[in-house]
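Okay, structure first, notes after.
The values are calculated or read from the model by the stated rules, or taken from the named source; none is laboratory data. Note that the coordinates shown come from a computational prediction; the quantities given were computed from them, not determined experimentally. A quick note on method: Cβ atoms are made from the backbone with ideal geometry, for glycine too, and the neighbour counts reach across all protein chains shown.
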């Protein structure tokens, strides 16, 4: 049977109109339902911006002290919602902070963050065992954070350098360094290693991510807390170097959970 062109042409015309009407209702470039997050790192003593190289501080144990510099790694940032975590690990999941290098005091992950309400933010202070591999940083300043191979390898979690006055009023240097700890036998030989990195749960870190917006998160290291609680830190007891003293590093690790506070601007 021969179908008339008179019938086919009107049908095709109607289909063409319907298809174009449908496509017009869909935007060519739909707006993304996500935003970005930026972290900024501050450092204070007793609620005030830290003043470096000035013997103006005193810890809870009564040790006068000053701070020269602070360098540390943070990693594995997670945004929590209803018990589930979004790991920010696109391109750069380990960030280096250095108080002498202003450009390191901000961290803008490449990840898109879905719009919505998030309950909290966590991160790892230091670097996990799986990621803390020797020689993965080939350029300074990160490469200067290496942790000696015979002490466990990888990299320091933190270098907090300064000075304190001992009981005789003598000014002594301290290297409050954290990293992999060691287990020694009775012959002072290393028989094992201890991972001292830890997860920080930032208090009051809930926020709302709006589509196509940027959320600013300021993370403050309250330096005095390293020496305050739950363990009172006395430089006259622990001395100036702790990187081969697992008991001292474990004590510092316990105090570290209370060191960070946060301010979210969404």
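The table that follows gives values for the structure above.
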{"quantity": "Selection within the stretch 95-106 - under 14 Å from the mean Cα position of the chain (by Cα), surrounded by 15 or more Cβ atoms within 10 Å (Cβ to Cβ) and not in a helix (DSSP H, G or I)", "calculated": "95, 96, 97, 98"}
{"quantity": "Filtered residues of the stretch 149-158 (kept if surrounded by 15 or more Cβ atoms within 10 Å (Cβ to Cβ) and outside any loop (DSSP other than H, G, I, E, B))", "calculated": "151, 155, 158"}
{"quantity": "So residue 90, is it more than 25 Å from residue 147 (Cα to Cα), under 20 Å from the mean Cα position of the chain (by Cα) and outside any strand (DSSP E or B)", "calculated": "yes"}
{"quantity": "Residues (part of a loop (DSSP other than H, G, I, E, B), more than 30 Å from residue 119 (Cβ to Cβ) and in contact with a helix residue (DSSP H, G or I) (Cβ under 7 Å, 6 or more places away or on another chain)) located in the stretch 174-220", "calculated": "180"}
{"quantity": "Every pair of residues 6+ apart whose Cβ atoms lie under 9 Å, when the first sits in the stretch 210-233 and is touching a residue at least 60 places away in the same chain (Cβ under 8 Å) and on the phi > 0 side of the Ramachandran plot while the second is surrounded by fewer than 18 Cβ atoms within 10 Å (Cβ to Cβ) and part of a loop (DSSP other than H, G, I, E, B)", "calculated": "212/31; 212/32; 212/33; 212/115"}
{"quantity": "Members of the stretch 113-126 that are assigned to a loop (DSSP other than H, G, I, E, B) and farther than 29 Å from residue 155 by Cβ", "calculated": "115, 119"}
{"quantity": "Complete set of residues in the stretch 53-85 that are touching a strand residue (DSSP E or B) at 6+ places or on another chain (Cβ under 6 Å), surrounded by fewer than 18 Cβ atoms within 10 Å (Cβ to Cβ) and touching a residue at least 24 places away in the same chain (Cβ under 8 Å)", "calculated": "55, 64, 68, 69, 80, 81, 85"}
{"quantity": "Selected residue (only one of 226, 238 is surrounded by 14 or more Cβ atoms within 10 Å (Cβ to Cβ), over 23 Å from residue 123 (Cβ atoms) and at pLDDT 95 or above)", "calculated": "238"}
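Conditions tested, residue by residue: (1) closer than 16 Å to residue 38 by Cβ; (2) surrounded by fewer than 15 Cβ atoms within 10 Å (Cβ to Cβ); (3) in contact with a strand residue (DSSP E or B) (Cβ under 8 Å, 6 or more places away or on another chain).
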site	(1), (2), (3)
93	yes, no, yes
108	yes, yes, yes
131	no, no, yes
139	no, yes, no
147	no, no, yes
162	no, no, yes
166	no, yes, yes
177	no, no, yes
